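Everything below concerns the one structure shown next.
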Amino acid sequence: MDKTLNVSIIYGVTTCLSLLLAGGYSTIVRKKENWLTWLYFSVFVANLGYFTLSISKTLEEALLANRLAYLGCVFLPLFMMMTIMKVCKVKCSKVVMGILIAISFIIFLIAASPGYLECYYEAVTLEFINGTAKLIKEYGPLHSLYFAYLFAYLLGMIGVIIYSVIIKKVK
């Protein structure tokens, strides 16, 4: 079997499984945690983006698929943080929530800019490796902002867990 087909099948199966998990959680679990529901669907959207990227035939299709993947990926840390905060019984004010959502949206806009602006990727081309579409990217000045964003959320999640353990909210 062709390597291309294998990669696309793996992405397709992963996408279907993530949709089944999201749908299953949404329909079967009676007391749903809203942030966890958003997390499940965010994983599905990211996987769908990776799948559509793998089967893209043109640069425009690949960039659109890449934007879809980033839509899922950019909001994953926010949803994970809120889920952890809920489990740890740590409250988040509406102002802080609004700021976090705004930052996530701005990061998404920056990550979705390739094809329009050169701030995230200075240049991007589509290459087919063993028949699978792959974006070849030359990173722009704002690309490292995404990694700083992810690292900040990681530190925030660890901080929430440590704070919760110290004040004994989690047993």
Going by the conditions given, is VAL29 over 19 Å from the mean Cα position of the chain (by Cα) and within 26 Å of LEU100 (Cβ to Cβ)? yes
Go through the range 117-132 and give me each residue that's open to solvent by 90 Å² or more (accessible area, probe 1.4 Å) and assigned to a strand (DSSP E or B). LEU117, PHE128
The range 27-59 - residue that is closer than 17 Å to GLY131 by Cα and assigned to a helix (DSSP H, G or I) and, of those, most open to solvent (accessible area, probe 1.4 Å): TYR50
Here are some conditions: (1) at pLDDT 90 or above; (2) among the aliphatic types (A, V, I, L, M); (3) in contact with a Lys or Arg (Cβ under 8 Å, 6 or more places away or on another chain). MET157 meets all but one. Which one does it not meet? (3)
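The rows are residues; the columns are (1) under 20 Å from ILE161 (Cα atoms); (2) at pLDDT 95 or above.
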| residue | (1), (2) |
| --- | --- |
| VAL7 | no, no |
| LEU17 | no, yes |
| SER42 | no, yes |
| VAL45 | no, yes |
| LEU76 | yes, yes |
| VAL87 | yes, no |
Being open to solvent by 90 Å² or more (accessible area, probe 1.4 Å), under 16 Å from TRP35 (Cα atoms) and in a loop (DSSP other than H, G, I, E, B) is the requirement here; does LYS168 meet it? no
Identify all residues within the range 146-164 that are surrounded by fewer than 16 Cβ atoms within 10 Å (Cβ to Cβ) and within 21 Å of ILE99 (Cβ to Cβ); write none if there are none. PHE147, ALA148, LEU150, PHE151, ALA152, LEU154, LEU155, ILE158, GLY159, TYR163
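The values are calculated or read from the model by the stated rules, or taken from the named source; none is laboratory data. Source: prediction; values computed, not measured. Cβ coordinates were reconstructed from backbone atoms using ideal geometry, including for glycine residues, and neighbour counts include every protein chain displayed. In case anyone asks, the SASA skips ligands and DNA or RNA and just uses the protein heavy atoms, side chains included. Shrake-Rupley method; radii C 1.70, N 1.55, O 1.52, S 1.80 Å.
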